[in-house]
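The values are calculated or read from the model by the stated rules, or taken from the named source; none is laboratory data. The shown structure was predicted, so the numbers you read here are calculated from the model rather than taken from an experiment. Glycine gets a Cβ as well: all are built from the backbone with ideal geometry, and neighbour counts include every protein chain shown.
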Amino acid sequence: MRGWWRQQVMGQAVVVMVVMVMSMVVADAAAVVDVYRMIQYDLRGAPMGSRRAALNHHATSGFDVAGADLSRAVVILPVLEVNISSLNEFVQNKGLLGGLLLLLPQRSHESGGGEGDDSDENVGKVLVELEQWLVHNTFQYPVYFAYEDDYVKSVLQEVSANDAAGRPATATTGGYKLVVSVSEAKKIATPTLTNIQGWLPGLRAEGDNSMLPTIAIVASYDTFGAAPALATGSDSNGSGVAMLLELARLFSRLYANPNTRGPYNLLFGLTSGGPYNYNGTQNWLRNFDQRLRESMEYALCLNSVGSSSDHMWLHVSKPPENAFIKQILSEFENVAEGLDLTVELKHKKINISNSRVAWEHEQFSRQRITAATLSQLEEASELLQQTGGIADSRRAVNETVMMRKIKLVAESLARRIYGQQGTQVEVFAAGTNLALSPAYVRSWLDLLGRTPRVAPFLGKNAPIITALHKELAQYTKDASLQHETLDSTFVFYDNTKAQLNVYQVASVTFDFIVALAVGSYLIILFVVLFITTKGVDDFLGVFRKAPSRKFKSS
Amino acid sequence: MTFFHFFNCAALTFGPHAVYYKATPLSEYDTFSTCIKAAIVYIVTTLIKFVCFATFLQVSEHDGFDLSQEILKGLIGFLDVAGLYYALTQVSHRSISQNHKFQAVGLGWAFADAVLHRLAPLWVGAKGLEFTWEYLLQGLESNANLVFTVSLAALGSLMWLRKNKPAALVPFIYVSAGILAAMPSITSYLRKGLAWEFPRVVSFELSASLLMAFVTWRLFSACQRPAQ
């Protein structure tokens, strides 16, 4: 009796312990992969991009797998194999999908410098098209990017093989399960645009109290792409930033000595908000003091100057017949000849009622300041185009050609500042202490090519902003930061990076089979032990007990 | 791989012990206390063993088979035998026949071994989403271990509790007991020295356990006859 009671208590204690311990969950994945979430934003209230972040579904390799339930599957697609038109059809038909994982080709670790081969160009073109399509569509399911390393490749191969053999991964058949456990994305309450400026004051002549004319050199430094954690924008506009910093360095040398200080003030501006109709530039200009505005002779904006093309465009909004514009153009053309570059003028009228601002100089023109944009791009881009996304890699920037372009701008500016138009003087000659520094430019291009710079995700104190500020502070006076809030046309949501857990799960059927096997093993064991120790009669007696009792009672 | 899998593996690992207790006359003679006492002796023995490991063994850098270390481990493993001796002879049991005594001791011993060595990995590992065969194989290993322990307990009872044994069989008894006691060293040699994979090692254990059980049974019944 006591023994039975003890067993009861022990049994209950065990059950309680088991229930308590079962409530602790332990996660343990076979592999963890870094993934980068697609951007989620609202444009004028319309939801765009990928609207979900958490992922917990089986993996499948395509859209046409027989027997797969797409609404509970994650489709893994290498970007080079994406057929945008069929994807577009799927999305337009409001197809339900558990999730989309896009695989980017393994990133090579060479820094830029040059040619890149045809395959690079192809990859670039495909990525640009894909990014444009992604950014302008809405997806009600999570979309992630990952780099295609060996492990991911092997997983994809296995999944494709299983799908092809007619065994897609589902809850009943087992397979690979992809899990990203993050909370849903929240709105970024106050997306900040930070403008950085630096001032190089010129030399006033004796007895002259009027304000010196100012030339502004401006470049926007932020980017936008389908995956904010990957939008490093080397050409758009890392090249513009690097050119601006080199110009600041060279002119600060010239201006350090009063004997060589020019009669112009130089204002260097690194603006944010480029992809969003140059919103940061607009705010920066609005805060300009009236005297500064009146003294501004002209502003040169730099946008995408890093390609290997020899041909540059000078985009203006004033008509080409304007005398001042002609002057500026001829200054550039004179220098360009000697450097095997060509500069061509392109005129685009501003439409004040249209909120789209395609070039940075247009913001200056709207404030009645003469300005031009120097760029290798011929056509103005549409909203959220050419904004330095994943496709814009470090390898797209050609430093050698870029050094010539920097020399072009530096010499043209120097001729204007020191009144040497028409002469062939070379201010920044090689071998002097005013020589251009390819190492300097390269180190900045490398840094910018590794740093994603989507403004709403940078915040006020991002390391890259601090770095740019410090650099300008080194070469200019009064280097300062200005923080503005991005206008409400654009609303952004956070969650840009996550970790993907890949599990290999067995099917529920398998579990049942194992349970059956173990159960029958235990039953057989019981029977065998019973018979061998107590004898067959006793065993059969277990089944005969009920009737015999009945007999006895009656 | 979810709770279902955990239950399957747990049933495979611990089920046979419960079945053994229920199916054989052990349950009728209420030998539960013997099992508990044997389990306690096992825990104490294991603690002493681990203290010796910590004192005498060095942590090896590589995963290979280091002969001197393994011999040392084997010698310390013989503490298991001492523990079984203590459980069989010194601990007072209620009056139960020798037959049942060694079974109860072996069962308690093996159950404690299974719980201490296999419950925690099973809990942490089998509940995850990722599937591996490892926990099912561990369950099979625990079955083999049960057979080994009961055989060793049987031989132990022959050696220490039975006074009259036919002289010819005595060396066999000691040799079999020696093999059983050295079984952990043998499996670790197979795993590390010969680099056998886990499934192969488990199948070796299963077959060896059946073989040794057969041998022990023959020895036991052979010793039974003169007493009767």
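Does A:E184 fit the bill of being out of contact with any helix residue (DSSP H, G or I) (no Cβ under 9 Å at 6 or more places or on another chain), touching a residue at least 12 places away in the same chain (Cβ under 8 Å) and farther than 25 Å from A:Y440 by Cα?
Values: out of contact with any helix residue (DSSP H, G or I) (no Cβ under 9 Å at 6 or more places or on another chain): yes; touching a residue at least 12 places away in the same chain (Cβ under 8 Å): yes; farther than 25 Å from A:Y440 by Cα: yes.
Yes, satisfied.
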What is the residue count in segment A:47-81 for residues that are touching a residue at least 40 places away in the same chain (Cβ under 8 Å) and in a strand (DSSP E or B)? 14
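Quick one: in segment A:202-230, which of the residues that are assigned to a loop (DSSP other than H, G, I, E, B) and among the polar types (S, T, N, Q) is surrounded by the fewest Cβ atoms within 10 Å (Cβ to Cβ)?
As a first pass, look at segment A:202-230 and keep what is assigned to a loop (DSSP other than H, G, I, E, B): A:202-213, A:221-222, A:224-227.
So of that shortlist, the ones also among the polar types (S, T, N, Q) come out as A:209-210.
Working: A:N209: 5, A:S210: 8.
My answer is A:N209.
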When you go through (1) surrounded by fewer than 17 Cβ atoms within 10 Å (Cβ to Cβ); (2) within 22 Å of A:L525 (Cα to Cα); (3) among the hydroxyl-bearing types (S, T, Y) one by one for B:T216, which number turns out not to apply? (1)
Looking at segment A:394-408, is at least one residue part of a loop (DSSP other than H, G, I, E, B) and under 28 Å from A:L103 (Cα atoms)? yes
Kindly check whether there is at least one residue in segment A:348-359 that is among the hydroxyl-bearing types (S, T, Y) and either over 21 Å from A:A219 (Cα atoms) or within 28 Å of the chain's Cα centre (by Cα) (or both). yes
Which count do you get for residues in segment B:116-158 that are more than 10 Å from chain A (Cβ to nearest Cβ), hydroxyl-bearing (S, T, Y) and over 15 Å from B:A181 (Cα atoms)? 2
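Among the candidates A:K326, A:K349, which residue alone is surrounded by fewer than 18 Cβ atoms within 10 Å (Cβ to Cβ) and farther than 23 Å from A:D310 by Cβ?
Working: A:K326 fails: farther than 23 Å from A:D310 by Cβ.
Just one listed residue meets the conditions, A:K349.
Would you point out which residue out of A:L516, A:L447, A:L481, A:L522 is among the hydrophobic types (A, V, I, L, M, F, W, C), within 14 Å of chain B (Cβ to nearest Cβ), more than 30 Å from A:P168 (Cβ to Cβ) and surrounded by fewer than 20 Cβ atoms within 10 Å (Cβ to Cβ)? If you could, list the steps in order and put the result at the bottom.
Details: A:L516 fails: more than 30 Å from A:P168 (Cβ to Cβ); A:L447 fails: within 14 Å of chain B (Cβ to nearest Cβ); A:L481 fails: within 14 Å of chain B (Cβ to nearest Cβ).
Going through A:L516, A:L447, A:L481, A:L522 in turn, just one is among the hydrophobic types (A, V, I, L, M, F, W, C), within 14 Å of chain B (Cβ to nearest Cβ), more than 30 Å from A:P168 (Cβ to Cβ) and surrounded by fewer than 20 Cβ atoms within 10 Å (Cβ to Cβ): A:L522.
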For segment A:128-176, what are the residues that are on the phi > 0 side of the Ramachandran plot and within 14 Å of chain B (Cβ to nearest Cβ)? A:G174, A:G175
Residues being in contact with a helix residue (DSSP H, G or I) (Cβ under 7 Å, 6 or more places away or on another chain) and either of a type outside the set (S, T, N, Q) or loosely packed, with under 15 Cβ neighbours inside 10 Å (or both): count how many of those fall in segment A:495-513. 3
Test: B:A177 is assigned to a helix (DSSP H, G or I), in contact with a Gly (Cβ under 9 Å, 6 or more places away or on another chain) and more than 14 Å from chain A (Cβ to nearest Cβ): yes
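If you scan segment A:479-514, which residues turn out to be part of a loop (DSSP other than H, G, I, E, B) and closer than 21 Å to A:V179 by Cα?
Keep residues of segment A:479-514 that are part of a loop (DSSP other than H, G, I, E, B), which gives A:486-489, A:494-496, A:506-507.
Once the filter is applied, which keeps residues that are part of a loop (DSSP other than H, G, I, E, B) and closer than 21 Å to A:V179 by Cα, segment A:479-514 yields A:D494, A:N495, A:T496, A:A506, A:S507.
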Quick one: how many residues across segment A:289-309 are surrounded by 15 or more Cβ atoms within 10 Å (Cβ to Cβ) and of a type in the set (D, E, K, R)? 1
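Determine whether A:S252 is small (G, A, S) and surrounded by fewer than 23 Cβ atoms within 10 Å (Cβ to Cβ). Quick ask: steps written out before the conclusion?
Working: small (G, A, S): yes; surrounded by fewer than 23 Cβ atoms within 10 Å (Cβ to Cβ): yes.
Criteria met by A:S252.
Among the strands (runs of 3 or more DSSP E) lying completely within segment A:285-393, list those that include at least 3 residues that are aliphatic (A, V, I, L, M) and either modelled with pLDDT of 90 or more or in contact with a Lys or Arg (Cβ under 7 Å, 6 or more places away or on another chain) (or both).
Output list reads A:296-302, A:311-316, A:371-375.
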Hey, among the residues in segment B:12-26 that are at the interface with another protein chain (Cβ under 7 Å from one of its Cβ atoms) and crowded, with 19+ Cβ neighbours inside 10 Å, which one's nearest to A:V14 (Cα to Cα)? B:G15
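Here's the yes/no breakdown for (1) outside any strand (DSSP E or B); (2) among the basic types (K, R); (3) at pLDDT 90 or above:
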position	(1), (2), (3)
A:L97	yes, no, no
A:S108	yes, no, no
A:G116	yes, no, no
A:G124	yes, no, no
A:Y141	yes, no, yes
A:V159	yes, no, no
A:R167	yes, yes, no
Those residues of segment A:450-478 which are exposed (fewer than 15 other Cβ atoms within 10 Å of the Cβ), in a helix (DSSP H, G or I), charged (D, E, K, R) and touching a residue at least 40 places away in the same chain (Cβ under 8 Å), in sequence order: A:R450
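What are the residues in segment A:231-244 that are over 28 Å from A:Q40 (Cβ atoms) and either in contact with a strand residue (DSSP E or B) (Cβ under 7 Å, 6 or more places away or on another chain) or surrounded by fewer than 24 Cβ atoms within 10 Å (Cβ to Cβ) (or both), if any?
Residues of segment A:231-244 over 28 Å from A:Q40 (Cβ atoms): A:239, A:242-244.
Passing the criteria: A:M243, A:L244.
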